[in-house]
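Input: a single structure, listed below in structure tokens.
The values are calculated or read from the model by the stated rules, or taken from the named source; none is laboratory data. Remember, predicted model here, so these are calculated numbers, not experimental data. So basically every Cβ, Gly included, is an ideal-geometry build from the backbone, and we count neighbours across all protein chains shown. Keep in mind that these areas ignore ligands, DNA and RNA; they rest on the heavy atoms of the full protein, side chains included. Shrake-Rupley method; radii C 1.70, N 1.55, O 1.52, S 1.80 Å.
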Amino acid sequence: MSAQPLLHRPWVRTLSLAGTIVALFFLLWQSDEPSEPTEAASLRGESEPDGFVVNGHYLSYDETGRLTTRFRSPRIEQFESRSETVMDSPRATLYGQGGDPPWQVEATEGRFLETDDLVHLTGDVKVIREAEGGRPLTLTTTALTMNNRDRTVYTDKPVELTDAVSQTTATGMKAWIDDRILELESQVEGRYEPGN
């Protein structure tokens, strides 16, 4: 029997149309089912950033071409609507003028606010700077803000400063990177242990 006479029968056409609609509905229904996350989706992350970088490195130079900042993070997420960049485990080297020893900065998390040119560091924040004579000065705190416009670093949280012979604690501080000045704000206590 030929297929042509069957197609002219209304019930066959209706059955074919119904079968096509059922198949289309089934395909659409299947596409709404949660699927296994793809590698790209797992890379993008749950926060749905507008863009992200894995194992990012960033260099910043002043107007004369001198390197001022070397920055790296295993994950950087950008959110355009908030003009904000969120960084996991940020690590930075801040270079002073005239060959002064650089500052090493690390934290658990960082947020860069583009419109204000501010970097907010939180978590286990640590700043290390080589001092005169090769003795490093280490500052630890839970939150620290870096102002890129005036090259200052500040916090209102408790801080601890240690070097080879002393330990100082305070609440709040401000530092001027290029001028190598550190100002402690309140509740300053120190202990000095001269070398043997």
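Descriptive notes on the structure:
- Condition met for Arg13 (in contact with a helix residue (DSSP H, G or I) (Cβ under 8 Å, 6 or more places away or on another chain) and either at pLDDT below 70 or open to solvent by 70 Å² or more (accessible area, probe 1.4 Å) (or both)): yes
- Members of region 129-159 that are surrounded by fewer than 14 Cβ atoms within 10 Å (Cβ to Cβ) and of a type in the set (Asp, Glu): Glu132, Asp150
- Cross-chain or 6+ apart pairs with Cβ under 7 Å, region 69-84 first and under 30 Å from Asp100 (Cα atoms) and among the hydrophobic types (A, V, I, L, M, F, W, C), then assigned to a strand (DSSP E or B) and open to solvent by 100 Å² or more (accessible area, probe 1.4 Å): Phe71/Tyr58
- Counting only residues that are assigned to a strand (DSSP E or B), in contact (Cβ under 8 Å) with a residue 24 or more places away in the chain and of a type in the set (Asp, Glu), region 141-196 holds 2 of them.
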